[in-house]
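Presented below is the structure to which this report refers.
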Amino acid sequence: MIRGDAVEGALAGWLRGRVLILGIGNPLRGDDAAGPMVCARVESPQAVDCGDAPERYLGLAADGRVERVLLVDAMDFGGAAGEVAFCTSEDLTERFGTTHDSGLAVLSRFVEEEYGKAVAVLGIQPSDTRFGARASTAVRDAVCKVSTWLKCAISECEPGEMEAAWRHS
């Protein structure tokens, strides 16, 4: 797992080619809405809000134009609220602190085995995922950074432009 300043470089290298972005989370549970919030801000057909049922959208990875799948989710990895982490499926355990029942590891392995696509996870450390809570300022700020950076990557900006978008969003 990569955390902190190293996330932008790792993600920049991984996002080459046609990437399907699946935002996972429940908008009624505060910071758990991070994935759907990112997809709403990216505003691209490549970014799909899966809500809290990502298994319903995994078939999108079967599209021959999709080269990789990025799962974006609130993920408890022990960081500070709003901290961002990037990991590949090899880094995941069966239940790596996701707020969802099936686990990100199971989802990523299914996509890799069933569709032959590489999978990575962009996790945002939640603060409050209680039902009825509002997304925290730290997570909303992280959503802004991540979505700005992903929009730039999707539009195939030059590497320096993507890094600038990450820092200045």
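Bear in mind that the values in this text are calculations on the coordinates, not laboratory data. Nothing here was measured: the structure is a model prediction, and the numbers come from that model. With ideal geometry, Cβ positions are generated from the backbone for all residues, glycine too; neighbour counts draw on all protein chains shown.
About the centre of its Cα atoms, the chain shows a dipole size close to 300 debye [charges on the beta carbon of Lys, Arg (+1) and Asp, Glu (-1) only; nearest 20 debye]. When only Cα pairs below 8 angstrom with a gap of at least 6 residues are kept, the chain shows a relative contact order of 29 percent. Taking 0.36 nm per residue of sequence separation and removing the Cα-Cα distance, the GLU114/SER155 pair yields an extension gain of 12.0 nm.
Once each of the trypsin sites (Lys or Arg not before Pro) sitting in a DSSP loop with at most 14 other beta-carbon atoms within 10 Å is removed, the chain keeps 19-64 as its longest stretch.
Of the residues GLU113, GLU67, the one with the fewest other Cβ atoms within 10 Å heads the list, and the complete ranking is GLU113, GLU67. Each Cα pair of the chain feeds into the Kirkwood radius, which the Stokes-Einstein equation turns, at 4 °C and 1.567 mPa s, into a diffusion coefficient of 84 µm²/s. In plain terms, the residue of VAL66, VAL84 with the fewest other Cβ atoms within 10 Å comes first and the most crowded comes last, giving VAL66, VAL84.
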